Amino acid sequence: MVTCLIDYRLHGESVKGSVRGMATQTAAGKRSLPLPRLPLAATAAVLVGALGLLGVLWQAFEAGLGSQGNVPTFILITLNGLTLAGLYFISASGLTLIFGLLRVTNLAHGALFLLGGYVALTLGQDAGMSWLPAALLAMVASGAVGLVMHQLFLRWNQGQDLRQALITIAVSLILADQMLAHFGATPTAIVPPDFLAQPLPLGLYDLAYPSFRIAILVAAILIGLLFWLVYKRTRVGMVVRAGVDDTAMTSALGVNVQRVFAAAFFVGSALAGLGGVFAGTSLSLAPGQDQAFLVSALVVVIVGGMGSLGGAALGALLLGLVDQYASAYLPAGYSNLSALLTFVLLAAILAVRPTGLFGKAS
Amino acid sequence: MSTSPASTSAASTSPANTSPTAASPGTTMVRSWTLGVRAALALVLAVVVLVPLLFSTFVTSQVGLTSLWLGLAAVSLTFLSGHGGMVSLAQTALFGVAGLIVAKLSVEAGWNPWAAAVVGILAATAVGLLFGAVASGSQGIYFLIITLAFAQVTYFYFAAVPTFGAHGGINGVPPPALIGDPVAHPARMYYFLLAVSVAAFLGLRYVSRTAFGLALQGVRDDPVRMAALGFNVRLHRTLGFTLAAPVAGAAGVLSAWSNTRISADSISLGVSILVLAAAVIGGLNRLEGAWVGALLYTLCDTYMRGWTDRFTTWLGVVFLVIVLLSPGGVVGALGSADTWVRRRLAGGPARPALAQSAALPLPISSKGAL
């Protein structure tokens with residue numbers, strides 16, 4: 001300590017001098033700066049995106065608006081993209097909540113997602129429960145497993161984000177293998193509730209669309225709104241926002257931060273489980289889905305910026321639409337590359353904005 | 001291969017000598033312990049060298065070859081995370097680029113395997129430069145996830161493109177004539193892999209001791225300070241990533257030669273996580289940990305499947321226990337045990353073994369610099 005102080009005093013003069021020197025240098029640098037540079041990479045990315053969208057719209061409306069043209073297909077594909085985005089948003093919102101508050105990248109999120117689906121499936125098939133209570137119990141089950149993981153393994157490693165990520169990878173390996181053992185490898189689907197079993201007529205071009213998938217979209221919007229309201233308008237939301245900004249200070253103000261963390265982990269994991277129930281009803285449940293949805297949820301969260309709810313919504317929309325448009329509208333020889341495109345999107349966005357679209361550099 | 005405990009011995013015996021309480025019996029006991037450790041290491045090295053003579057063809061090819069190429073893939077990750085603070089899941093992508101290009105060129109275009117290997121490794125290095133340049137802006141968990149995206153891009157590309165055989169892969173990849181048939185007579189392949197592994201170990205260790213390697217470690221510990229000191233942080237990360245790429249590429253080539261086949265499924269997300277698991281189990285702080293982890297994984301993979309159906313669960317449990325209890329992995333735990341015994345023998349206070357591992361630079365936190 002003492003030597004440190006002496007050091008500072010001894011070098012005080014020279015430090016001042018060099019600071020002055022630096023100031024004049026930067027001033028000189030500013031004068032000689034060339035024209036303000038356009039963010040090249042960002043401009044290029046936006047241009048490519050706009051061109052892609054134009055290409056999609058051109059193919060959709062080329063043959064006119066008549067029922068013989070491509071518009072009905074376009075509407076269906078757009079709805080597919082939107083409902084997929086809803087599904088992505090439901091599972092990604094849990095991931096982004098956990099990350100925003102606890103700075104934990106929960107790589108077991110995919111396993112919790114699949115667990116929720118399987119629990120609802122078992123309750124529906126073996127216990128004869130109807131869809132809604134089964135879904136609620138599945139959420140509780142996923143939330144409980146997530147909470148136990150947090151309390152047992154993650155809580156005392158707070159702040160070591162890579163170590164926590166490795167812990168969650170290990171947990172996801174165990175969970176995925178246990179689910180394979182208990183539920184088998186055959187893809188199965190959950191039976192949707194009766195009132196959503198019939199396709200919903202859209203009133204356009206005699207189109208009908210599975211009403212369950214519309215319900216996913218509605219649920220996603222409701223969850224987003226609920227999140228937003230709780231976040232901005234309630235005391236709980238205020239505490240969570242304060243915790244995101246400065247955990248230590250919030251704790252010092254008398255908030256039991258550990259309880260808030262535990263609650264956030266429970267809610268985030270439960271949302272993963274809910275996503276699994278929706279995915280299991282509209283698509284199917286199979287081993288490997290956990291990794292596929294984990295990767296999608298990560299892409300959504302990273303594109304939007306980790307910890308940002310609006311970013312997750314935008315990321316989900318981008319990912320869902322790009323995925324569906326790419327598989328439908330890419331030239332015939334390249335349509336099998338559509339899975340690539342979402343990752344190219346991710347890499348491009350991260351290269352331009354390393355913390356995602358709405359991510360804050362802490 | 002692993003000179004770790006022996007090299008630390010010199011440092012930890014000298015304080016024991018100078019301390020007045022440590023009488024001569026303590027010193028001689030430390031000395032004999034050092035000798036014992038060295039003898040054990042020499043024995044391990046001798047067994048490693050003599051594997052094709054001591055064990056059956058099955059063990060040599062199934063355990064020996066697999067753990068050597070898996071270790072080579074893992075060491076590229078260990079180097080990145082230990083010396084650069086970059087935990088990458090994209091090493092299997094580079095592995096696949098090199099392996100699939102070699103398979104394609106030597107099976108379908110009829111190239112000489114050596115020439116194909118050179119082209120494959122160069123291609124992996126070029127892809128590594130590209131990946132590194134894009135990912136170098138991200139740190140910590142963001143780096144992990146952007147490399148996960150790269151791994152998935154590469155996997156989906158090779159799975160979708162029929163030129164590279166998609167999920168069926170390319171079969172009948174011929175190793176060079178010098179090595180011969182790796183399935184029936186794996187001894188030559190084993191020695192070749194061992195030579196490449198030793199070369200990779202020495203090469204990466206050399207790199208980590210050059211001025212560049214030290215600057216890379218500085219970037220790992222405090223990127224902001226290194227930038228303030230005038231180092232180009234992104235360039236160092238990019239070059240570090242590029243340097244590890246040919247090692248991962250060589251692992252891909254050698255895996256294609258050892259198995260005489262490679263497919264898109266050889267680089268799926270599961271394999272990325274497996275390589276990460278091997279590196280973590282061995283220890284992310286020391287290069288030799290990669291091979292230790294790969295050997296442990298391969299041994300369990302070969303023999304544990306006999307008595308348990310739930311192999312992956314046990315792998316997960318071992319992974320979890322190691323991450324929770326010994327962030328330095330098996331090698332780190334052995335090092336701490338060695339230090340503990342040494343302290344005990346020297347008669348000093350037996351401090352908790354954790355002291356050693358805590359002093360090591362752990363790439364477990366990005367220190368909030370996200």
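A short reminder: the numbers here are calculations on the coordinates, not readings from a lab. None of the values given here were measured: they were computed from a predicted structure. All Cβ positions, even for glycine, are placed from backbone atoms using ideal geometry, and neighbour counts span all protein chains on display.
Counting beta carbons within 10 Å around each of B:206, B:155 and listing the fewest first gives the order B:206, B:155. If only the Cβ of Lys and Arg carry +1 and only the Cβ of Asp and Glu carry -1, the dipole of the protein assembly as shown around its Cα centre is close to 2340 debye.
Summary value for chain B: 29 percent relative contact order, contacts being C-alpha pairs under 8 angstrom separated by 6+ residues.
Between the alpha-carbon centres of the range A:251-326 and the range B:319-346 there is a gap of 37 Å.
Between 0 and 90 degrees, the angle of helix A:40-61 with respect to the longest Cα principal axis of chain A falls at about 10 degrees. For the protein assembly as shown, the residue among A:208, A:46, A:139 whose Cα projects farthest onto the positive side of the dipole built from Cβ charges is A:46.
Rg over Rh for the range A:188-338 works out to 1.04, both radii taken from alpha-carbon positions and Rh defined as the Kirkwood radius. Can you tell me the relative contact order of the range A:207-362? Whole percent, Cα pairs under 8 Å, sequence separation 6 or more. It comes to 17 percent, rounded to a whole number.
Seen against the Cα atoms of chain A and their longest principal axis, helix A:211-233 is set at about 30 degrees. When only alpha carbons are used to place a centre, the range B:35-59 and the range B:227-267 end up 29 Å from one another.
Taking a Cβ cut-off of under 14 Å around residue B:205, the surrounding Lys, Arg, Asp and Glu residues balance to a net charge of +1, with basic ones at +1 and acidic ones at -1.
Residues considered: A:328, A:63, A:263. Largest GNM mean-square fluctuation over chain A, using C-alpha springs under 10 Å, is found at A:63.
Neighbours of residue A:106 by Cβ distance under 15 Å: Lys/Arg scored +1, Asp/Glu scored -1, total +1. For residue B:178, put the label point 7 Å out on the Cα→Cβ axis and report which residues of the range B:85-104 keep their amide N under 20 Å from it. In the range B:85-104, the label zone of residue B:178 (backbone N under 20 Å from the point 7 Å along Cα→Cβ) covers B:99, B:102-103. The C-alpha radius of gyration of the range B:245-332, expressed as a fraction of 2.2 N^0.38 Å, stands at 1.13. Debye-formula intensities of chain A, expressed as log10 I(q)/I(0) at q = 0.08, 0.15 Å⁻¹, are -0.50, -1.31 (one equal scatterer per alpha-carbon, no solvent). Using R0 = 56 Å, the C-beta based FRET efficiency linking residue A:125 and residue B:40 works out to 0.50.
Among the residues of B:274-280, the average count of other protein chain beta-carbon atoms within 10 Å of the residue beta-carbon is 2.
Summary of the geometry: the range B:112-134 and the range B:146-177, compared by the centres of their Cα atoms, lie 14 Å apart.
Placing a pseudo-label 7 Å from each Cα along the Cα-to-Cβ vector at residue A:152 and residue B:307 gives an inter-label distance of 2.3 nm. Look at the alpha carbon pairs under 8 Å that are at least 6 residues apart: their mean separation over the length of the range B:236-332 gives a relative contact order of 28 percent.
Helix A:289-304 and the long axis of chain A differ in direction by around 50°, with both axes built from C-alpha atoms. The mean number of partner chain beta-carbon atoms within 10 angstrom of a residue's beta-carbon across peptide B:171-180 is 0. Remark on residue B:261: its backbone amide H falls under 5 Å from those of B:173, a criterion applied only to residues 5 or more positions apart or on other chains, H modelled at 1.01 Å from N.
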